[in-house]
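Computed from the coordinates by the stated procedures, all read-outs in this text should not be read as laboratory data. Remember, predicted model here, so these are calculated numbers, not experimental data. Glycine also receives a Cβ, built like all others from the backbone with ideal geometry; neighbour counts cover every protein chain displayed.
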Amino acid sequence: MPATVVVGTQWGDEGKGRFTDLLAKEMDVVVRYQGGHNAGHTIVVDGETFALQLIPSGVLYPHITPVIGNGVVVDPAVLLEEIDTLDAKGVDAGRVQVSGNAHLIMPYHQELDRVTERRLGHNKLGTTKRGIGPAYADKATRVGLRVQDLLDPKIFRQKLDVVLKEKNAILAKVYNRLPLSADDIADTYLDQYAPRVAPMISDTVGLVHEALDAGRHVMFEGAQATFLDLDHGTYPYVTSSNPVAGGACTGAGIGPCHVERVIGVAKAYVTRVGSGPFPTEVHGELGTSMVDRGHEYGVNTGRRRRVGWFDAVMLRHAVRLNSLTEIALAKLDVLDTFDTIKVCVAYEAEGVRHEQLPYHQSVLHKVRPVYEELPGWGSELSGATSLGELPGAARQYVEFLARQVGVPVGLISVGPSRQQYVTLSPADR
Ligand code: GDP
Ligand code: IMO
Ligand code: MG
């Protein structure tokens, strides 16, 4: 059975969690393929809010097999805490299957993330300080510890001793920090975490392929987003993994031919947390009203998100990078009160018009957005359940975005709850 990928098309927090949850109803397996607990995916069901970091957003349906793929970096403390929180809400998340090849986030990764950001001062990236970058760096330099090492205390300790020697030297000599104790780390990981994590460790590549071969529906859930991608994002203001749809292949162990549908989740405007270029950023009163109406504060870190108008140049690039087959458009209701709504249709820099993203980032830092203005609709969308219930101006806005971006909009969300969405039939697209 062909697979589906859900991917963020902007700078994260587009509403991937809520759309993954929505789509998971028709799926059998949902696989997270990259990132770690830097993610915060919100799902609202019957007034109850679930904020997921590591566990795939399909977990709320008992029929789903949730999988954490090899491309994810796992902090076992966070994983276990998330399972306990979900358990307390009546969701059995202990059934999650975790790849033995996924890398572990260790205490020194978090410490290094914190001190590196501090050292960078005003050049900081604005990371989530969860140890994501240092963990992926260790994976690339081949000194990382993997989830499967929890099953072999001798190997775990050997690897830890080697790597900690270097980390402690850096922490002490470069950052003037106290060294971490290998005994303490080993006790925590092997005595506290390993017994609980062990039953979840499995051959997730085998699991995914058996599901595909048996004709079951498998969905790959991206965290972060296209423009936070290590290769394709606004480097260095990116995360350290590959959120783009191709990341599902490496991060879960499938070839590209399995993927038939790639759903790009986009906000009806744009937000970004942390540093980096943002051509359509809006400040002042207008920005504050977008933040307030959209409740634009990070799910985990509580940071205020930067906000701006929809950027069709970015989205065109996201279509290319991910082979998007459709857009799921989130938070259209947030724009309810605006008299006019701007859409960036091109950039301009030094007299040159750019319809596609300039490849040189120095240009991106200089561009001015070229806007088209559309009329607002001045009424509440939150109760709409069909396209016909959307006012003409809202439909016009959606059609305009789809034309600008070059792929159809298949789903629109008009509120955070599971029921607050509109499906566009193929004839409506
Ligand atoms: P993710 O990281 O892409 O899963 O997105 P987040 O969960 O970090 O951020 C999206 C936020 O918008 C969450 O607070 C959601 O509950 C909320 N949300 C999602 N869809 C809608 C929508 O259509 N309208 C409104 N008003 N809020 C939404
Ligand atoms: P979801 O999955 C928004 C941002 C951070 C920072 C940069 C690097 O909820 O969309 P990192 O801790 O990954 O090294 O930080 O990436 N970032 C996110 N921004 N949503 C996320 O996840 C993010 N995960 C990381 O703010 O700018
Ligand atoms: Mg988020």
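Taking amide H as placed 1.01 Å from N in the peptide plane, the amide H of ARG304 sits under 5 Å from that of GLY298, each at least 5 places away or on another chain. Running Debye on the chain with equal point scatterers at the Cα sites and no solvent, what base-10 log of I(q)/I(0) appears at q = 0.07, 0.14 Å⁻¹? Treating every Cα as an identical point scatterer, log10 I(q)/I(0) equals -0.34, -1.29. Pairs from the list LYS16/LYS139; LYS16/LYS173; LYS89/LYS154; LYS89/LYS159 with a Cα-Cα gap above 30 Å: LYS16/LYS173; LYS89/LYS154; LYS89/LYS159. Which values of log₁₀ I(q)/I(0), to two decimal places, follow from the Debye formula for the stretch 102-181 at q = 0.22 Å⁻¹ with a uniform point scatterer at every Cα? Normalising to I(0) and taking log10 leaves -1.05. Spin-label pair GLU281-ARG95: with each label point 7 Å from Cα along the Cα-Cβ axis, the two points sit 4.4 nm from one another.
Potential lengthening of the chain between ASP428 and ILE155 amounts to 92.6 nm, from the contour at 0.36 nm per residue minus the alpha-carbon distance. Between THR288 and GLU260, the distance separating the two model label sites (each 7 Å from Cα on the Cα→Cβ line) works out to 5.1 nm. The ranking of SER386, SER289, SER241 from fewest to most other beta carbons within 10 Å of each one's beta carbon is SER386, SER289, SER241. Taking amide hydrogens as placed 1.01 Å from N in the peptide plane, the amide H of ALA330 sits under 5 Å from those of ALA266, LYS267, ALA268, SER413, each at least 5 positions away in sequence or on another chain. In order along the stretch 373-386, the phi-based Karplus estimate (6.51 cos²θ - 1.76 cosθ + 1.60, θ = phi - 60°) of 3J(HN,Hα) comes to 9, 10, x, x, 10, x, 8, 7, 9, 4, x, 6, 10, 9 Hz; Gly and Pro are listed as x. Under 5 Å from the amide H of VAL370 lie the amide H atoms of VAL345, ALA346, TYR347, GLU348, each residue being 5 or more positions distant or on a separate chain, with H modelled from the backbone and absent for Pro and chain starts. Derived scalar couplings between HN and Hα for the stretch 407-420 equal 9, x, 8, x, 9, 10, 10, 10, x, x, 6, 3, 7, 8 Hz in order, rounded to whole Hz, by the Karplus curve 6.51 cos²θ - 1.76 cosθ + 1.60 (θ = phi - 60°), x for Gly and Pro. The stretch 131-164 and the stretch 173-200 have Cα centres separated by 11 Å. Annotation for the stretch 1-98: trypsin sites (Lys or Arg not before Pro) lying in DSSP loop with at most 16 further Cβ atoms inside 10 Å of their Cβ are LYS25, LYS89.
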